[in-house]
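Values in this text are rule-based calculations from the coordinates and carry no lab data. Please read all numbers here as calculations on a predicted model, not as lab measurements. Every residue, glycine as well, gets a Cβ built from its backbone with ideal geometry; the counts of neighbours run over all protein chains shown.
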Amino acid sequence: MGSDATAIFDAEAAQTMMKELRAVYGSGATKSYDWRVSQLSQLLKLIEYHEDDIAAALRSDLSKPDIESYVYEIGVLKSSIKLALKELRKWMSPEKVKTSLISFPSSAKIVPEPLGIVLIISAWNYPFLLSLDPLVGAIAAGNAAVLKPSEISPVSSALIAKLVREYMDSSTIRVVEGAVAETSVLLEQKWDKICYTGNAVVGRIVMAAAAKHLTPVLLELGGKCPAVVDLNINLQVACRRIIMGKWGSNNGQTCVSPDYIITTKANAPKLIDALKTELEKFYGKNMLESNDLSRIVNSNHFARLIKLLDEDKVSGKVVYGGKRDESILKIMPTILLDVPRNSLIMKEEIFGPLLPILTVDRLEDSFNIINSGTKPLAAYLFTNDKRFREHFVTEVSAGGLVVNDTTIHLGVLTLPFGGVGDSGMGSYHGKFSFDAFSHKKAVLYRGFVADADIRYPPYTRKKLRLLQALLGGSFLTIILALFGRN
Amino acid sequence: METTVLLEDDLEDMRMYYRSGKTRGESWRRSQLQGLLLFLKKKEGEIFEALAQDLGKHPIEAYRDEVGSLTKSVNYALNCLSEWMSSKKAKLPLIAILTTAEIVPEPLGLVLVISTWNFPIGLSLEPLIGALAAGNCVVLKPSELTPKCSFLLATALPTFLDGKAVKVVEGDSTTGERLLRQKWDKILFTGSSRIAREVLAAAAEHLTPVVLELGGKCPVILDSFSRSWDKEVAAQRITWAKFNACAGQACIAVDYVLVEERFIDEWLELMKTWIKKLFGENPKQSCCNARIINKHHFTRLRMLLEDPKVQSRVVHGGDMDEDNLYIEPTILLNPPLQSAIMMDEIFGPLLPIITVKNIEDSIQFISSRPKPLAIYVFTERESFRQRIQAETSSGSLIFNDVIIQYLADTLPFGGIGESGMGKYHGKFSFDTFSHHKAVVRRSLLVDFWFRFPPWNEQKLQLLRSAYDYDYLGLLLIVLGLKRSS
């Protein structure tokens, strides 16, 4: 029985659902390789057969350009599922580890097992990717799962619910639609893991709810991702990549979009010119009408962004753009120069098409600016200076760093994707997804043959010497101790 | 007694010290690990003295379980440190030309280690090894229930380490709460699941990641054996793990035993024999029994036995001496499953033996209860081993021995569900106190034009091929030999 989209999801419904899921999970249904492969294959079919529906839903919810839908959500999801299908056996197999003389004779391994029932709460900006990509990890690791897609992208949420009901094993994989009430009811249940993608405010609420049940969490939050731009680089290429990471990624409404830029006072004018040129090449002169830019998701966020833009000490700092049209929820790509550090636009994560540029005398000063804030999900640097580059890699702490590009590290499935500090905890993508939803059980096998009774009472000096030798390390001392010398 | 203001100032100083970068380099980390080794060596006598006073621990037990184990771990960390600190390259697809990707471990910053009273030195310093190896500044809060150990750590330890980077804060739960209100980059807590919920709730305020090393009822599944030698060793290991690991007050001690009912008499005899062999005819006179930590826990354990339905099930031992905080190694046979002794973690020298009709029933018994920190299984049957491995879940699973997983540097030590989250020991300690930062370096020279708008059908095709790593398709589209599907 799948979830009935019109029924109320209250505490009773939640408890019934949990009971049903626990019963099926307890029967061992999700643990087999075959189940995992079949569900992953179904998920792939779900996406491949409904690409156009997915793109249409994203167009409706976000006015997302088709290419962003096909590439960033559908394309990345397909890669992710195919990788899991290819590697699953390897991921599932136990890892043998070395054992030492202390436990001789013994053998040991680390065995991955599922956690149980997991909850995946996702955000509105990449509604398919952020709900289904964690699901890939959850299924690959052998868990049952409940998805709670964001109500702020309602057409996508409804489509996810419909397609999952149609294609997936509904005794183990469910979707619950709704808003705050439904999410709260879900958070009261006992989960074996919760994966939440969103903002830090709700992140705290999720973790506090998880604390009551000692549930571990994977939090993918955000932050102000800085982009530091050096001199003497190919500004055209750099600007293109910055633009793609910012306005080409859901019009700046992406957790890893470059939030603001830091460059030298001397460099700023050239940078601004290059950005303007490339922006107009990409989006034309009348950007509010461009179909290649997502809109602002809803009027709440529109108002939030206008507030950032129109704040007194900020509104005069616009050097490009600023035009907006509330009726179509569009704000054109806007660049600001040297807004005050204590302005709202520099305190909050922007999550929109506004790009402040801060200037410094020496580029090294950018490290202090970045490190004085909370650790962001990503940080970017554009430079040809090797020494400066390595200094940046060492000094700047963020979830991930990219030199000479933006956001592409999300596509490297051999890298963990996650935050640190306020930008989140835990990571996923590729094998990291499998690991995030697994328990790595330590398994040790011992034989009966040799048992040094040195660990047992009654305690004697000779036993102590042997213990010291064994734990202290050198083979020679062990031999000497065995023969009664000190 | 630290006031809040002093505490916050100290922490701010430590954060600034961390930001100065002093703790990042390999030589600093090595010096701290070597400082730990020196502390263990030079202060060994005082450590033994403190443990004897706080817990009545025999020095050899103290060496075996705490000092020796720590020495092994520090040496292991020193050997592996360079390898742990190095960046690891990540594989990239062919299409990513002139690009490198790697995972760079970096410290988290300022971390908090809260340890507990049963292994006050061991459980304070083992996490410290990982935290320092990973380049962090650390605040350690030892348990107030072992005041001599706590005092020794607070006064002596910082003199062997960088006192600006490592601080020990003594105090009770009020101090603990004050510490938890601060912002940490990580918290490692060892203790009960009740307090763990408070720790996790406090951590949620600051989005602080945590490792929780809790407990649970660690069961032993005792199968039958063909050889009597194996039976002897099994009985020896089980009685040792129950009664000699801090008198059963250990998170990985044996809590209860499951055995098939037709073998119960045999096993009971074996265990009684081994108790005598380990502790002598009069265990109260034995030098080798740790005390119950305090009156509160003594009363708790006494009340477990005072339940009349439980009292009648005692088949060995039962002697108690409140003044000396001594409880005789006690065995019970089939106490009611709803009694407190079978519902709560015992954490003391009381051993319930539960009989089952078939030993296979123990799998259901265990998996219908909260996941424990460890499951111990004594069996010679491979098929039974595989069933247990597949059908039960626990932090660790040990076959034919007990507790020894604590000493394995290559195995993760941690719980699951009610027994905890996260893991440490060996490299897992280093990893748990590190952030693994993904780093991609690209060149500005080459780019694919189809990455950029304005969008058209051909660019979409190219991007799809690129994401599929369909290099041939890419080439054909570019050459105009393949069209959109």
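Numerical summary
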read-out	value
J(HN,Hα) series, region B:422-438, from Karplus relation 6.51 cos²θ - 1.76 cosθ + 1.60, nearest Hz, glycine and proline x	x, 8, 8, 5, x, 5, 5, 5, 4, 5, 5, 9, 10, 9, 8, 8, 7
Partners for A:Lys19 among aspartates and glutamates (Cα-Cα distance below 20 Å; same-chain residues under 8 apart left out)	A:Asp4, A:Asp10, A:Asp169, A:Glu177, A:Glu182, A:Glu188, A:Asp192, B:Glu391, B:Glu418
Chain A - mean residue ellipticity at 222 nm from DSSP helices (-39,500 (n - 2.57) per run, n ≥ 4, rounded to 500)	-12500 deg cm²/dmol
Inter-part distance where region B:155-233 and region B:1-74 are each reduced to a Cα centre, Å	15
Region A:182-251-region B:423-451 distance, computed between alpha-carbon centres (Å)	17
Highest-first arrangement of A:355-363, A:212-220, where packing means the average Cβ count within 10 Å	A:212-220, A:355-363
Mean residue ellipticity (222 nm) of chain B, computed from DSSP H runs ≥ 4 via -39,500 (n - 2.57), nearest 500	-13000 deg cm²/dmol
Total lysine pairs whose alpha carbons fall under 20 Å of each other in region A:165-309 (8 or more apart, or interchain)	13
Among the listed pairs A:Lys90/B:Lys423; A:Lys96/B:Lys183; A:Lys441/A:Lys462; B:Lys57/B:Lys141; B:Lys183/B:Lys217, those beyond 30 Å (Cα-Cα)	A:Lys96/B:Lys183; A:Lys441/A:Lys462; B:Lys183/B:Lys217
Average partner coverage of A:66-77, which counts Cβ from other chains inside 10 Å	3
Cleavage-rule hits, trypsin sites (Lys or Arg not before Pro), region B:427-483, DSSP coil, Cβ neighbours within 10 Å at most 11	B:Arg483
Options A:Ala138, A:Val176, A:Ser100, ranked by Cα towards positive dipole end of chain A, top entry (Cβ charges)	A:Ser100
Residue mean of other protein chain beta carbons inside 10 Å, A:102-108	4
Loop-located trypsin sites (Lys or Arg not before Pro) in region B:266-312, at most 10 other Cβ atoms within 10 Å (DSSP)	none
J(HN,Hα) series, region B:397-409, from Karplus relation 6.51 cos²θ - 1.76 cosθ + 1.60, nearest Hz, glycine and proline x	9, 10, 9, 6, 6, 9, 6, 5, 4, 4, 8, 7, 6
Dipole axis of region A:226-418 (+1 Lys, Arg; -1 Asp, Glu on Cβ), positive-most option in A:Val319, A:Ile369, A:Gly284	A:Gly284
Estimated dipole of region A:226-418 in Debye, rounded to 20 [Cβ of Lys and Arg +1, of Asp and Glu -1, Cα centre]	160
Rounded to whole Hz, the Karplus (6.51, -1.76, 1.60) HN-Hα couplings of region B:237-248, x for glycine and proline	5, 5, 5, 4, 5, 7, 9, 10, 8, 6, 6, x
For region A:1-78 versus region B:234-302, the gap between their alpha-carbon centres in whole angstrom	51
Mean Cβ neighbour count within 10 Å, used as a protection proxy, ranking B:34-41, B:68-75 highest first	B:68-75, B:34-41
Dipole magnitude of chain B about its Cα centre (Cβ charges: Lys, Arg +1; Asp, Glu -1), debye to nearest 20	1780
For region B:253-333, with +1 on Lys and Arg beta carbons and -1 on Asp and Glu, the positive-most of B:Pro329, B:Ser286, B:Val310 along the dipole	B:Ser286
Using alpha-carbon coordinates, inclination of helix B:382-391 to the longest axis of chain B, degrees	70
Peptide B:204-215 - average C-beta neighbours from other chains (10 Å radius)	4
Restricting region B:275-328 to GluC sites (Glu not before Pro) in coil, as DSSP defines it, with at most 14 other Cβ within 10 Å	B:Glu281, B:Glu322
Distant-in-sequence amide H partners of A:Ala145 (H built 1.01 Å from N, under 5 Å)	A:Val118, A:Ile173, A:Arg174
Cα gyration tensor shape of chain A, rounded if a/c is under 1.5, else prolate or oblate by comparing a/b with b/c	oblate
Nearest-20 debye value, region B:378-470 charge dipole, Cβ charges on Lys, Arg, Asp, Glu	420
Packing rank of A:326-332, B:224-230, where each peptide gets the mean count of other beta carbons within 10 Å, highest leading	A:326-332, B:224-230
